[in-house]
Structures are given as C-alpha cells and as structure tokens.
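The values are calculated or read from the model by the stated rules, or taken from the named source; none is laboratory data. Predicted model only: the values in this text are computed from it and were never measured. Positions of Cβ are backbone-derived with ideal geometry, glycine not excepted, and every protein chain shown enters the neighbour counts. In case anyone asks, the SASA skips ligands and DNA or RNA and just uses the protein heavy atoms, side chains included. Shrake-Rupley method; radii C 1.70, N 1.55, O 1.52, S 1.80 Å.
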Amino acid sequence: MYLLLFSLTCYATKRDTIVNSFKFKTVIIDPGHGAKTEGSPPGHYSRGADGSFSSERNVTLAIALKLQAAIEKDVTGVKAVLTRKTEADVSWERRAEIANENKGNLFISLHCNSLSDRLVRERVGTKKGKPVYRSVRVPDRSGKGALMLIYGLHRSREEENAIKNNQIEEDSDLNGSGLDPNDPTVIILTAEYKRKFRKQSVAIANYINDEIVGGDGRRSEGLREQGIYVLCHSAMPSVLVETGYINNPDDEAYLNSEDGQNEIVASIVRAILNYKKQAEQ
Ligand SMILES: [Zn+2]
C-alpha cells in the first residue's frame, strides 16, 4: 500500500547528488515498511498493509533479500544495496539518504497493494413500518495484480491538500506552496529530473511491467504517476513496484510462496538487464 505518498516537492540539498554516472553500478532496493522499534530516530514510519495471514512489511523484505542476491549473482558488476535489512522499520528520510549516499543508479521500492474496506448500507430490520439500516465495513478483495508507480511531476488537487496538511513541509523549511523556484538546486534537480530521471523511471517501470505481464502472465494495472517521498528524494531514476494485492487471497498466496517471490525477482532482474543495456548505450 502506498501510504507513504504525499510530498511532491522535489528538492536537493547537495548539488553533487544529481550528477549521475553513465556507468551502471548500484541498484538501491527499498523493502517498503517495517516494524517500528523502540528508540527509532525521528522521521516518518509506516507499518504497511496486512493480508489474512501475512504482512506487507515481511513480504517486501523477503523479496528484497532474494532480489539482492539475484542481482549480485546475475547482473555482472552491479552491487545491490538494501535500505532495510531486518524487520525493523527505517524512516523514509533515512531510506532516501541511504540511496543518495550509496550513489545509486536506480531505486526500486518494493510494496504490496491493498484496497480499503467498502462501507455499505445493510438493511437490518423494520421499525414502525420503516426499514432500518446500518453501515457495515466489507473487505474489498477485488484488487489483483501488479502496479508500477513513478514520481509524478504534476500535482492533483488531493495531493496538493495532502502536502498542505503534511508535517514534512514544515520539517524541510519549505512553505505550503512548495519549493522556492529561485533556489538553484531546485532548478537544477527539477530540470534534471524532467530531462533524464523521469524518462529513465518510465523506462524501468515499463521493463518491469512487461516482464510481469509478458513473462509471468500476471495481471498489471500498468504505470501510474504518484507523489512518493522516497522516489522524489532519491536523486536517481526510481520506481515503486506494487508486487500484488496482499488483501486478495490469490495474490497473497502468490506473494508468500517461494515460486511467486522467485518469479517476481526473476522478472525484475530481467528488467534491470534490459534497462542497463539501454542506459549504458
Ligand atoms: Zn506499501
């Protein structure tokens, strides 16, 4: 579930983070969510969605660990760095820092999707000749398949409101209207993002989507733009992969199975190989 989205404000504090090498050396793998532990540093944390027998945070970590091993085995000369190696959650802020500190060439965030319960009116009886209703929550298990999220450059009204109501704006010295258009680092990163990172983010998202649909024969909702903190603050091409719906019984079984996890990993590795070839040309 992509609850971590809110800040569309893209900015950089260090100019050097936006200089990208054409040599593809490092993939950052970001297992979404985690269990917040006592004494965690300040920041934003999110425990993720739950299925009927499993949790998003455990599924994303299992897939991430397999993906790291597979990249280091099958993608020659490329190192894979994890933003989280244990069950303990890592703040979104720290995840973006890890990505930038390690000079990642590509950022892949792993998540599971989930639909909220639906609220329906149910007739429970009759009182004085009139029907009596109550509202009940009904799980919505209709979501199925993968979804690729890429950082959106244009804000929707809901996103504007989410940003306005969000703490991070205050934390990051930015006023409610977003970034200072005259700040040179903002100008550079925005231009850079538009020109290169954005194009490459779409490319990796398409490669992964093609493998999941064409290679594995799974359903996908394709690519969607979204304002996502970890994508926005990582100065590199980035994609968030919703690997499946954890509140759909078929998807949950798949996401927790060895075969399912290995299939997702193999698809992402094939996509990275295609992407690397294209990026280094
Ligand atoms: Zn999530």
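Extension gain, Lys199 to Arg47, is 51.6 nm, computed as 0.36 nm per intervening residue step minus the present C-alpha separation.
The HN-Hα couplings worked out from phi for segment 109-115 by the Karplus form 6.51 cos²θ - 1.76 cosθ + 1.60 (θ = phi - 60°) are 9, 9, 9, 10, 7, 6, 9 Hz, whole numbers, x standing for Gly and Pro. Remark: the Asp216-Ser116 segment gains 33.3 nm on full extension, using 0.36 nm per residue and subtracting the alpha carbon distance. Nonpolar atom fraction for segment 101-146, defined as the carbon and sulfur part of the 1.4 Å probe accessible area, stands at 47 percent. A protection proxy built from the mean count of other Cβ atoms within 10 Å ranks the segments 137-146, 110-119, most packed first, as 110-119, 137-146.
Highest-first packing order for the peptide set 93-103, 122-132 is 93-103, 122-132, based on the mean count of other beta carbon atoms within 10 Å.
Inter-label distance, Glu72 to Asn102: 1.0 nm, where each label sits 7 Å from its Cα along the C-beta direction.
What FRET efficiency do you get for Val138 and Glu258 if R0 is 35 Å and r is their Cβ-Cβ distance, rounded to the nearest 0.05?
Working: r = 32 Å, r/R0 = 0.92.
That gives a FRET efficiency of 0.65.
For Asp216, the shell of other residues with beta-carbons less than 14 Å away shows a net charge of -2, using +1 for Lys and Arg and -1 for Asp and Glu.
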